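The values are calculated or read from the model by the stated rules, or taken from the named source; none is laboratory data. None of the values given here were measured: they were computed from a predicted structure. Here Cβ is always computed from backbone atoms with ideal geometry, including for glycine, and neighbour counts include all displayed protein chains. Surface accessibility is based on the protein's heavy atoms, side chains included, excluding ligands, DNA and RNA. Shrake-Rupley method; radii C 1.70, N 1.55, O 1.52, S 1.80 Å.
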Amino acid sequence: MGASRSSGTTDALGPDEGAEGTGEPVCPEPSAAAEGDGGSPGAGAPAADSGAELLAALLDGMDAALCAFDAGGTVTHWNREAERILGWSAQEAVGRTGFAGWAVRRADAHEVQGRLMSAMDAPGRQVHEFALLRKDGSRVLVRTQSARVLGADGKPAGVYCAFSEVHAQIDLERAIALSEALLEDASWGVVLVDVDLRPTVVNAYASRALGGGRTTLLGRPLGELVVQGVEELEAALQHVLAEGAPGAPAEFWVTLRTAEGERRRCWRSGFLRLASPLAEEPVPLGVGWLFRDVTAAKLAQQEADRLRFRTSQLHRAARAAAECEDPMEAVTSLLDFALAGFADHVLLDLTPGGLTAGELTAGERLVRTAATPSDAPGPCLLVAGGSIPVRYGPGHPALQAVERIGSVRTSAGTGEAGGAAWAAERRWPRDAAHALCTVLRSRGRTLGVLTFLRAANRSAFERPDTAYAETVAARVAAAADLARVVGGGPGE
């Protein structure tokens with residue numbers, strides 16, 4: 001498996017080749033008879049020489065170090081990689097018997113030679129690790145694979161040996177093991193994407209995250225899997241192909257199409273540009289996309305941020321309300337702080353003085369006391385004149401809140417254009433699409449209803465929103481009750 005550049009001959013020894021167990025070349029020099037049998041002295045030599053040069057070039061161009069021994073243990077072949085690792089040239093190595101005294105310490109030579117040549121008596125390959133000597137006297141640990149070479153008669157004719165430095169072999173094995181682990185059971189999603197941005201390899205985590213099988217996802221455009229957010233994802237992949245990997249992970253919010261319906265997820269993603277290691281210049285093969293689903297963590301973080309902000313708003317509102325001499329001014333101040341980031345509109349409807357919840361049977365008995373502008377964003381202001389009943393119809397969410405002594409959430413149906421008709425029917429601003437009505441209670445009495453409204457471009461109210469609204473309502477009810485006690489409040 002090598003070439004003897006010192007002699008210029010080539011031995012085509014292989015697992016099933018040889019020359020009658022002698023280790024001599026199977027492509028011998030032209031015989032004297034051939035030369036003297038009417039032909040020119042060099043007849044047939046060009047073909048043999050070209051074959052020898054081709055084999056020598058092939059062996060010298062290989063990445064593995066290769067050497068070969070005949071049946072007597074004499075080195076017959078030695079390629080350039082073996083010369084690079086140990087420093088001994090082919091001219092210095094070919095013709096030596098074994099490694100003793102030059103490539104192996106004499107104390108180790110017998111054992112090393114015996115283990116190498118033992119391959120002649122066993123089929124298949126044998127793997128060993130030896131400490132060899134470099135020409136400069138330093139030692140290097142190598143891993144060898146040796147196998148016997150059979151002659152034309154089927155008998156062992158020698159041994160060929162491929163070896164490499166152990167650390168290089170271990171690095172290769174680690175790289176292979178890492179790639180296999182990433183593409184099987186990694187706790188991150190791994191997707192290899194070609195230059196057309198189509199998945200070519202998908203690991204188990206990624207297939208679960210994308211909602212498909214590992215084979216069914218291959219070759220499909222990402223737009224078939226991702227309903228929203230695919231533009232940002234493809235832009236990132238194209239950037240990596242053109243410019244290289246970004247310095248930090250990126251987070252993408254996407255909406256997936258699954259058998260159970262659409263679901264929104266957040267993926268923290270990293271990217272690697274893949275290039276061919278065999279090309280002289282890097283040729284992009286695609287992108288390695290690694291991601292992890294962090295939706296739960298992001299939602300928890302958003303909820304914590306929302307709670308922190310609302311707590312801060314309540315604290316600021318309480319301090320501002322404490323400085324208000326008029327209790328109803330404190331009410332509007334509280335509602336202004338509560339409105340920030342929470343809703344687009346707020347309505348305050350109070351009951352006439354002395355009216356109990358059981359007596360509130362008709363919508364006209366609720367009085368609009370304070371509200372934000374219905375046509376544009378603005379502060380919550382007391383209604384000029386006051387004491388004008390709001391004619392809510394039966395079953396109105398505000399009346400339901402009074403009846404339940406709790407909170408009611410509702411939203412416009414998807415079939416109603418913009419929710420305008422839905423909002424007008426309930427006497428709310430035309431852009432309202434989501435509502436949260438919560439009752440005002442103080443000293444065991446119902447004082448009215450507080451209504452928060454959101455436009456269609458915002459999400460519907462959820463349970464955490466209800467808890468916040470009820471906290472605001474408790475403070476507003478206390479201030480409104482104080483206004484009635486000191487006199488001059490609504491309904492008095």
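Those residues that are small (Gly, Ala, Ser) and surrounded by fewer than 13 Cβ atoms within 10 Å (Cβ to Cβ), I need them from the range 147-188; list them, please.
Answer for the range 147-188, where residues must be small (Gly, Ala, Ser) and surrounded by fewer than 13 Cβ atoms within 10 Å (Cβ to Cβ): GLY154, ALA175, ALA177, ALA181, SER187.
Please determine whether any residue of the range 314-324 is closer than 30 Å to SER187 by Cα, assigned to a helix (DSSP H, G or I), out of contact with any strand residue (DSSP E or B) (no Cβ under 7 Å at 6 or more places or on another chain) and among the charged types (D, E, K, R).
no
Looking only at residues in the range 61-81 that are farther than 18 Å from VAL112 by Cα and part of a loop (DSSP other than H, G, I, E, B), which one is least open to solvent (accessible area, probe 1.4 Å)?
ASN79
Restricting to the range 200-223, give me the number of residues that are open to solvent by 50 Å² or more (accessible area, probe 1.4 Å) and under 28 Å from VAL283 (Cβ atoms).
Of the residues in the range 200-223, 5 are open to solvent by 50 Å² or more (accessible area, probe 1.4 Å) and under 28 Å from VAL283 (Cβ atoms).
I need the full set of residues from the range 233-252 which are without any contact (Cβ under 8 Å) to a residue 40 or more places away in the chain and open to solvent by less than 80 Å² (accessible area, probe 1.4 Å), in order please.
Hits for the range 233-252 are LEU233, GLU234, ALA235, ALA236, ALA242, GLY244, ALA245, PRO246, ALA248, ALA250, PHE252.
Suppose we filter ARG148, ARG198 for residues that are more than 25 Å from VAL104 (Cα to Cα), of a type in the set (D, E, K, R) and touching a helix residue (DSSP H, G or I) at 6+ places or on another chain (Cβ under 9 Å); which single one remains?
ARG198
Is at least one residue of the range 270-292 charged (D, E, K, R), touching a residue at least 24 places away in the same chain (Cβ under 8 Å) and buried (at least 17 other Cβ atoms within 10 Å of the Cβ)?
Scanning the range 270-292 turns up at least one residue that is charged (D, E, K, R), touching a residue at least 24 places away in the same chain (Cβ under 8 Å) and buried (at least 17 other Cβ atoms within 10 Å of the Cβ).
Under 30 Å from ALA245 (Cβ atoms) and open to solvent by 40 Å² or more (accessible area, probe 1.4 Å) - does that describe any residue in the range 323-340?
no
Does ALA370 satisfy the condition of being open to solvent by less than 20 Å² (accessible area, probe 1.4 Å), farther than 25 Å from ALA460 by Cα, among the small types (Gly, Ala, Ser) and modelled with pLDDT of 80 or more?
no
Against the condition in a strand (DSSP E or B) and open to solvent by 50 Å² or more (accessible area, probe 1.4 Å), how does ARG84 come out, does it pass?
Spelling it out, it is not the case that ARG84 is in a strand (DSSP E or B) and open to solvent by 50 Å² or more (accessible area, probe 1.4 Å).
Inside the range 181-262, counting only strands (runs of 3 or more DSSP E) that do not spill past its ends, which hold 3 or more residues that are under 14 Å from the mean Cα position of the chain (by Cα)?
Output list reads 189-193, 199-202, 250-258.
Under 26 Å from GLN238 (Cα atoms), without any contact (Cβ under 8 Å) to a residue 60 or more places away in the chain, among the hydrophobic types (A, V, I, L, M, F, W, C) and in contact with a helix residue (DSSP H, G or I) (Cβ under 9 Å, 6 or more places away or on another chain), is that true of ALA131?
The answer is no for ALA131.
Enumerate the pairs (first residue in the range 463-474 and hydrophobic (A, V, I, L, M, F, W, C); second residue anywhere and in a helix (DSSP H, G or I) and crowded, with 21+ Cβ neighbours inside 10 Å) with beta-carbon separation below 6 Å, excluding pairs fewer than 6 apart on the same chain, so at least 6 apart or on different chains.
Sorted first by the residue in the range 463-474, then by its partner, the pairs are VAL472/ALA338.
Among the residues of the range 130-153, how many are farther than 22 Å from GLY72 by Cβ and either modelled with pLDDT under 85 or not in a strand (DSSP E or B) (or both)?
Counting residues in the range 130-153 that are farther than 22 Å from GLY72 by Cβ and either modelled with pLDDT under 85 or not in a strand (DSSP E or B) (or both) gives 5.
Mind telling me which of the residues VAL191, VAL195, VAL230 ends up being surrounded by 18 or more Cβ atoms within 10 Å (Cβ to Cβ) and at pLDDT below 90?
None of the other options fit; the residue is VAL230.
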